[in-house]
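Reviewing the structure listed below.
Every number here is computed from the coordinates shown, using simple stated rules; none is lab data. Since the model is a prediction, treat every value here as computed from it, not as a measurement. Cβ coordinates were reconstructed from backbone atoms using ideal geometry, including for glycine residues, and neighbour counts include every protein chain displayed.
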Amino acid sequence: MPPVFRFAPSPNGYLHLGHALSALLNAGMAAASGGRLLLRIEDIDTTRCRPEYEAAIDEDLAWLGLAWEKPVRRQSEHFDDYRAALGRLDAMGLVYPSFESRAEIAALVTARDSQASWPRDQDGAPLYPGTAKTMPPAERARLMVSRAPYALRLDMTAALARVGALTWLETGAGPAGETGAIAADPARWGDVILARKDTPTSYHLAVVVDDAAQGVTDVVRGQDLFHATSVHRLLQALLGLTAPRYHHHRLVRDADGHKLSKSTRATGLRELRAQGLTPTDIRRRLGLD
């Protein structure tokens with residue numbers, strides 16, 4: 001079977017040079033290996049994702065000269081798949097709800113930080129400090145049927161007790177040059193969120209379900225997701241999903257050294273096109289010529 005690659009942007013803004021690098025690398029590696037290239041629209045955040053941004057993704061990728069298989073998978077059309085995966089984890093006793101707001105969690109962390117440095121995940125966010133796992137079942141049930149918002153978390157300690165040592169094959173490189181067989185360390189992420197009351201999945205859960213459903217063999221993405229692969233490997237092991245190969249590539253940064261981001265309104269490909277740049281110019285800027 002030929003290898004399967006995927007480019008998976010979110011339609012919550014316009015594509016920038018960082019997206020172009022990832023898309024072009026996926027396309028180039030698929031072509032070089034005789035593989036297939038898929039496009040996946042990661043639109044689980046229905047409040048920020050818009051049809052006009054998805055249309056712009058198609059336009060920008062076509063302008064770069066890329067082609068992909070149809071139909072395109074949209075996450076918003078597969079919420080039942082994520083609910084089913086979440087249900088399997090829940091049946092294993094690995095899922096629990098937490099009810100603290102972000103402000104309440106921040107206050108808990110601040111209180112505990114005054115005594116000792118509270119552990120943080122690889123993205124710098126504090127690990128969940130609450131006690132929801134030990135909440136009496138009756139109180140948990142009462143809160144869940146009320147209007148109280150909640151997050152569904154993975155019981156990391158219980159999850160790790162069900163699996164052995166996990167690794168992944170890295171054909172690219174991590175932020176510190178890590179490559180080859182990488183030892184996964186999901187415990188560094190604590191009790192990660194798998195879904196919320198009003199959102200049936202998180203990125204972590206959706207991405208492993210999608211990759212398995214689409215038969216993805218090679219995940220090519222930025223180094224900012226290198227450490228998150230530990231969580232993905234754990235979920236794959238728990239759900240009995242085959243692990244793809246991973247290739248994490250360098251990030252495109254601005255003049256201050258910050259990763260390009262939609263949230264900081266990095267210059268979009270459509271704006272660069274309007275300035276007269278060609279696809280060849282984009283490749284040259286990215287060092288792909």
Angle in degrees between helix 102-113 and the longest Cα principal axis of the chain, rounded to the nearest 10: 70
Write down the percent of antiparallel bridges among all DSSP beta bridges whose residues are both part of the chain, to the nearest 5. 55
Give me the aspartates and glutamates in straight-line cross-link reach of Lys133: C-alpha distance below 18 Å, same-chain residues under 8 apart excluded. Asp90, Glu100, Glu104, Asp155, Asp191
Sparse-neighbour loop sites [GluC sites (Glu not before Pro); the range 34-76; at most 15 other C-beta within 10 Å; DSSP]: Glu69
Does anyone have the angle between helix 229-239 and the longest principal axis of the chain? Alpha-carbon axes, 0 to 90°, nearest 10? 60
In debye, nearest 20: dipole of the chain around its Cα centre with unit charges on the Cβ of K, R (+) and D, E (-)? 160
Those aspartates and glutamates that a straight Cα-Cα span of less than 20 Å connects to Lys70, excepting residues fewer than 8 apart in one chain: Glu42, Asp43, Glu52, Glu54, Asp58, Glu59, Asp60, Asp81, Asp210, Asp211, Asp218
Can you sort Ser98, Ser117 by how many other beta carbons sit within 10 Å, fewest first? Ser117, Ser98
Glu178 versus Thr267: modelled label distance in nm, points set 7 Å from Cα along the beta carbon direction: 3.4
Mind checking the angle between helix 79-91 and the chain's longest principal axis? C-alpha axes, 0 to 90 degrees, to the nearest 10. 40
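Using only Cα atoms, what Kirkwood radius does the chain have, in angstroms?
About 20.5 Å for the chain.
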Rh (Kirkwood, all Cα-Cα pairs) for the range 79-248, Å, reads 17.0
